[in-house]
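J.: One structure is given below, represented as structure tokens, and several questions about it will come after.
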Amino acid sequence: MSDSGRGKGRLVADRRYSKKTGGKGSTSAEKPAAKPARRKPPARKPARKRNFLVAFVLGIFGFIFGLIWRITWRVAAVAVLLLALGVGYFYATLPPVAALLDGRAQGSVTLQDRDGKIFAWRGDQFGGAVTASSVSTHLKNAVIATEDKRFYWHMGISPRGVASAVRINLAEGRGPLSGHGGSTITQQTAKLLCLGVEYDKSQWKSEAAYVSDCRQGSLVRKGREALYAMAMELKYSKDDILSIYLNRAYWGAGAYGIEAAAERYFSKHAAELNPQQSAMLAGLLTAPSTLSPTNNLERSQARASTVLRLMRDQGFLTAAQEQEAQANPAVLSEEAERKTGGYFADWVMSLVEDNPFTQKTSDDIVLKTTLDQRLQRAAEAAMNKVYSEKVTKPGSVVEAAIVVMSADGAVRAMVGGKKTGVSGVFNRATQAKRQTGSAFKPFIYATALELGRSPLDRIVDEPFCMNIAGSGRWCPENYSRNFKGPVTLTTALAQSLNIPAVKLSEGVGRSLVQKVATQFGVQSDLYDTPAMALGTSEATLLEMTAAYAGFLNGGSQVEPYGQLELRVKGESDALVTQSSGIRERVIRPEAAGQLVWMLQHVITEGTGRRAALPDGREAAGKTGTSSDSRDAWFIGFTADYVVGVWMGNDDNSPLKGVTGGSLPADIWRETMVRVNEGLEQKPLPAIAPKQPEPAPQPQVVDRQPQQQQRTPERQQRDNFIQQVLRDLLGPRN
């Protein structure tokens, strides 16, 4: 055991010596140097704990990341699969490119004047299909520079563009998807195609509701647009997609498709556009209606200037080209400046919209109308002149309307309010039913003439009253509050005397007067009361002007019309034609001629003297002022045209100091002076009445002079008779 103990001691001691000192030369004083060796194992224990903790944490993170990876690649795989299925589905539904170039639910109407010149467009105009290779290179570059400069490099969507749009929207205080969309041209085309959903009247409340649904910007909708866009990129070439976009986009002013826009604004084809015109059109895509040059040319030019700078920055224009284009901004063509159509276009389109053919077709229609643009400008100039010179009260709200018409009912010009050259507003010439006042009186005199009365027949203007059942005693008065005594019918009409008109109406019968007025074209209900003679019933200016055209054409009814020919664009055969509005005869030509003669006296010596034409041209007409001066009229004609004028307030409040013989007569005269420019003077078809033969006077017979004046033949005959009598009776005693 002692050996054993010594052995252990030696082994321990040996371990205490360092390799430097050896074992034998050591003393007991060197023992503390071995103490650190005995503490080494405890020092290694904390390191093992830290390594375990790190390994544990790393293991947890590794497990988590592994789990995420396994989930991620599986989700990604599913997403890729769903993406492929979605793209594949839309790919399978895409039709050929040609079927997508014109997607309008209804076609456009091109309006031509009587000479075949275009003056307006209505509806969704489509000038014809174009391709990206057939349009002007400047236009193609302008659209790409403005809408999608990386169009030829992406696969339908642009993550960079979307991220940039989100950043801008958030910076401007909007939602991430509100405002800028970051959509590529392909995505915009997908939206224009409504993801392949076509408009069906039976499925949608209106076309506006359909368009609104197509334009919604939800996340789900954006996702579907992205799938559709990628499918288009696989199905079509880049130029095919751009062609669809150029043909489908709305360019303002009713123009769908770039060809229609080029024609609408610049009267040229899309292939002929220069850089500044191309820049203006490309600038419209952001806000077509707001930026339309027909709406605000200066704003449209400012937007085009920005587009030109973008084209230069992206290398589509040189600095010199951009400078030249900036110095010569695009302007509307002369034709485009006049092609708003105004009140006349609105009216004639209301007639065409009732045509079953135009309601069922998406073809473009050409409508040739009765409009004479020279006369339209004449009417507008007359309106502006009178308002600028004579309606001087600040803030005056008094309105006026003008209709110019041929004797057969063809409407040549129309102004529906004091503000000229506008469209889509209330048309007082066709929509306002107002009391006719004394402008109704010619129907009474026409009835009397038809029954055989003469313009020279006399009627007494005197105090007059009559009892009306249910209303009591009624006593009409003249406007002048005095009486003229016995006057001819001509004078009574010229002076617009009320009492003779009532007497005559009651004498010939109100029912006959109603019948004559209705047959002449007054479509409104006529009140069956004695006051009807004073124009208490209502009518539109268009109706009244057409009725007076009946006086001019010899007594036949006139139906106002504005359509001459309706045909499909590109075809020569007309679907509908019209050449006259004259209908059945109402009164005899002689009675009509005598009425014209009477109406001449209204201008030469009656209430319409202010309407007399300065060149001495023959004219006839009638003033009209309704009760309480709420409406003022002057309707008259020369040998070539009938012009009707109305003035009043939209709220039906009384006019101050305005009668039919004042401002309306002034507007009528100013219109007629311009209408008749260049026309030779022609006499009116007036028929003067026969003057009554004087009563025979008694005469004293002077026999001796008569005997002296007897001819030899008569003397011989008398001698023969006397001889026969002597032979029979014998000689006298």
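The values are calculated or read from the model by the stated rules, or taken from the named source; none is laboratory data. In this text, all values refer to a predicted model and were calculated from it rather than measured experimentally. Here the Cβ is made from the backbone with ideal geometry for all residues, glycine too, and neighbour counts use every protein chain on show. Heavy atoms of the whole protein, side chains included, go into the accessibility calculation; ligands, DNA and RNA do not. Shrake-Rupley method; radii C 1.70, N 1.55, O 1.52, S 1.80 Å.
J.: I'd like to know if segment 419-426 contains one or more residues that are touching a residue at least 40 places away in the same chain (Cβ under 8 Å) and under 16 Å from VAL673 (Cβ atoms).
T.: no
J.: So, one more: Go through segment 76-101 residue by residue and tally those that are under 18 Å from LYS191 (Cβ atoms) and assigned to a loop (DSSP other than H, G, I, E, B).
T.: Count: 3.
Okay, residues lined up against (1) modelled with pLDDT of 70 or more; (2) farther than 21 Å from LYS235 by Cα; (3) part of a helix (DSSP H, G or I); (4) open to solvent by less than 60 Å² (accessible area, probe 1.4 Å):
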site: ARG160; (1), (2), (3), (4): yes, yes, yes, no
site: ILE168; (1), (2), (3), (4): no, yes, yes, yes
site: SER178; (1), (2), (3), (4): no, yes, no, yes
site: GLY181; (1), (2), (3), (4): no, yes, no, yes
site: THR186; (1), (2), (3), (4): yes, no, yes, yes
site: LYS191; (1), (2), (3), (4): yes, no, yes, yes
site: LEU195; (1), (2), (3), (4): yes, no, yes, yes
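J.: Same structure, new question: With the condition kept exactly as written, say whether any residue in segment 611-618 is open to solvent by less than 50 Å² (accessible area, probe 1.4 Å) and part of a helix (DSSP H, G or I). Full working, then the answer.
T.: Pass one, segment 611-618, residues open to solvent by less than 50 Å² (accessible area, probe 1.4 Å): 611-613, 617.
Now narrow it down to the ones that are part of a helix (DSSP H, G or I): 611.
Scanning segment 611-618, I find at least one residue that is open to solvent by less than 50 Å² (accessible area, probe 1.4 Å) and part of a helix (DSSP H, G or I), so the answer is yes.
J.: Restricted to segment 257-293, and to residues that are open to solvent by 40 Å² or more (accessible area, probe 1.4 Å) and in contact with a helix residue (DSSP H, G or I) (Cβ under 7 Å, 6 or more places away or on another chain), which residue is nearest to ARG122 (Cα to Cα)? Quick ask: steps written out before the conclusion?
T.: First pass over segment 257-293, keeping only residues open to solvent by 40 Å² or more (accessible area, probe 1.4 Å): 263, 267-269, 271-272, 274, 286, 289-290.
Filter once more, keeping what is in contact with a helix residue (DSSP H, G or I) (Cβ under 7 Å, 6 or more places away or on another chain): 267-269, 274.
Values: SER267: 16, LYS268: 18, HIS269: 19, ASN274: 26 Å.
Of everything passing the filter in segment 257-293, SER267 is nearest to ARG122 (Cα to Cα).
J.: Separate question: Taking ALA304, is it part of a helix (DSSP H, G or I) and hydrophobic (A, V, I, L, M, F, W, C)? Lay out the reasoning, then the answer.
T.: Numbers: part of a helix (DSSP H, G or I): yes; hydrophobic (A, V, I, L, M, F, W, C): yes.
Judged against the criteria, ALA304 is a match.
J.: Of all residues in segment 642-663, which are under 27 Å from the mean Cα position of the chain (by Cα) and open to solvent by less than 30 Å² (accessible area, probe 1.4 Å)?
T.: Of segment 642-663, the ones under 27 Å from the mean Cα position of the chain (by Cα) are 642-652.
Residues satisfying the conditions are VAL642, VAL643, GLY644, VAL645, TRP646, MET647, GLY648, ASN649.
J.: Just to be sure I understand, how many residues within segment 281-312 are of a type outside the set (Gly, Ala, Ser) and free of Cβ contacts under 8 Å to residues at least 12 places away in the same chain?
T.: Restricting attention to segment 281-312, the residues satisfying the condition of being of a type outside the set (Gly, Ala, Ser) are 281, 284-286, 288, 290-291, 293-299, 301, 303, 306-312.
If we keep only those that are free of Cβ contacts under 8 Å to residues at least 12 places away in the same chain too, we end up with 290, 296, 298-299, 312.
Residues that pass the stated criteria total 5.
J.: A follow-up question, please. Which of the residues spanning segment 234-270 are touching a residue at least 60 places away in the same chain (Cβ under 8 Å), under 15 Å from LEU101 (Cα atoms) and among the polar types (S, T, N, Q)?
T.: The answer is SER243, ASN247.
J.: So, one more: For segment 466-477, name all the residues that are surrounded by 12 or more Cβ atoms within 10 Å (Cβ to Cβ) and more than 49 Å from the chain's Cα centre (by Cα).
T.: MET466
J.: Given the criterion in a helix (DSSP H, G or I), at pLDDT below 95, of a type outside the set (S, T, N, Q) and over 16 Å from PRO442 (Cβ atoms), identify the matching residue among ASP651, ASP666, ASP628. Lay out the reasoning, then the answer.
T.: Values: ASP651 fails: in a helix (DSSP H, G or I); ASP666 fails: at pLDDT below 95.
Only one candidate qualifies: ASP628.
J.: Scan (1) touching a strand residue (DSSP E or B) at 6+ places or on another chain (Cβ under 6 Å); (2) open to solvent by less than 10 Å² (accessible area, probe 1.4 Å) for the single condition THR638 breaks and write down its number.
T.: (1)
J.: Return the total of residues in segment 513-540 being part of a helix (DSSP H, G or I), open to solvent by 10 Å² or more (accessible area, probe 1.4 Å) and within 20 Å of ASN553 (Cα to Cα).
T.: Looking only at that region, the number is 4.
J.: Take segment 541-554 and flag every residue that is open to solvent by less than 10 Å² (accessible area, probe 1.4 Å) and in contact (Cβ under 8 Å) with a residue 60 or more places away in the chain.
T.: Our first condition is that a residue be open to solvent by less than 10 Å² (accessible area, probe 1.4 Å); within segment 541-554, this holds for 541, 544-551.
Of everything in segment 541-554, those that are open to solvent by less than 10 Å² (accessible area, probe 1.4 Å) and in contact (Cβ under 8 Å) with a residue 60 or more places away in the chain turn out to be LEU541, MET544, THR545, ALA546, ALA547, TYR548, ALA549, PHE551.
Conditions tested, residue by residue: (1) open to solvent by 10 Å² or more (accessible area, probe 1.4 Å); (2) in contact (Cβ under 8 Å) with a residue 24 or more places away in the chain; (3) small (Gly, Ala, Ser).
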| residue | (1), (2), (3) |
| --- | --- |
| GLU450 | yes, yes, no |
| PHE464 | yes, yes, no |
| TYR479 | yes, yes, no |
| VAL487 | yes, yes, no |
| THR490 | no, yes, no |
| ALA494 | no, yes, yes |
| ILE499 | no, yes, no |
| VAL508 | yes, yes, no |
| SER511 | yes, no, yes |
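J.: Then there's this: Which condition number does VAL109 fail, the rest of (1) modelled with pLDDT of 70 or more; (2) more than 30 Å from LYS235 (Cβ to Cβ); (3) out of contact with any Lys or Arg (no Cβ under 8 Å at 6 or more places or on another chain) being met?
T.: Of everything listed in (1) modelled with pLDDT of 70 or more; (2) more than 30 Å from LYS235 (Cβ to Cβ); (3) out of contact with any Lys or Arg (no Cβ under 8 Å at 6 or more places or on another chain), VAL109 misses just condition (3).
J.: What pairs come out if I take residues in segment 555-577 that are among the acidic types (Asp, Glu) and pair them with residues that are buried (at least 16 other Cβ atoms within 10 Å of the Cβ) whose C-beta lies under 6 Å away, six or more apart or interchain?
T.: Within 6 Å, the pairs are GLU559/GLY409; GLU559/GLY581; GLU565/LYS368.
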